[in-house]
Structures are given as structure tokens and as C-alpha cells.
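Structure first, commentary second.
The values are calculated or read from the model by the stated rules, or taken from the named source; none is laboratory data. Computed from a predicted model, the values in this text were never measured in an experiment. Note that each Cβ is placed from the backbone with ideal geometry, even for glycine, and that neighbours are counted across all protein chains shown.
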Amino acid sequence: MSAEKKRVQFRAPDRLIDRADALANVLGEDRTDILVTALREYLQEATHDDALVQEIAAAYYDDEITYDQLKSLVGAEESANLRVLKEQLDDDYIDDVADH
């Protein structure tokens, strides 16, 4: 993990923040630690959802996200596979256009 940090401000329902604060008190942590852990776990679980991985791949194929962003979302192995597939798709597209 990078030691660099970015300040983020957002609005959330009072009840959700109250729950995060209560858990922070129980664990002896601060709210930020709880929220960062929750976000990290959510992102980890979400990228194991096949439908979401397909959406991420489509965003990469459409150049909406970079390879580095792809890699951070789906991991090194999956991103390498998707990069190869994108290159093959690009090559096939070029061949199709050349044939017509």
C-alpha cells in the first residue's frame, strides 16, 4: 500500500456514521480507520463479483480507465489477461477494417 493519503470529504446518513463511531469506540480506533477498512473490504469483495468485473473490463476496453486503475481493481493476473484480450480485440478490429 502506498503511504500517500488523500483527504476525502463526503456526506453519509447520520445512522451510518453513528454506527461507525460506535464501532470505533469499541475497537479503540478512530472513525477514519473504520471507514477506510470498510471501503477496502467493500472494494475487495466487489471486484470478486463477475458482473462487476465485466463492467470494469468494459470500461478498460473503452479506455474509460487506465491499465493501472484496472490492475488496482482486479489484481495483476486478471488485469494482465484483460490487457492481452484488449490487444487481441484491437488487432481483430484492425483486421476487420482492413478486410472491408
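For the reader, a short list of remarks on this structure follows.
- Filter result for the condition that a residue is surrounded by 12 or more Cβ atoms within 10 Å (Cβ to Cβ) and at pLDDT below 95, over E87, E78, E29: E78
- Count of region 1-26 residues, restricted to those that are basic (K, R), under 23 Å from the mean Cα position of the chain (by Cα) and surrounded by 12 or more Cβ atoms within 10 Å (Cβ to Cβ), is 0.
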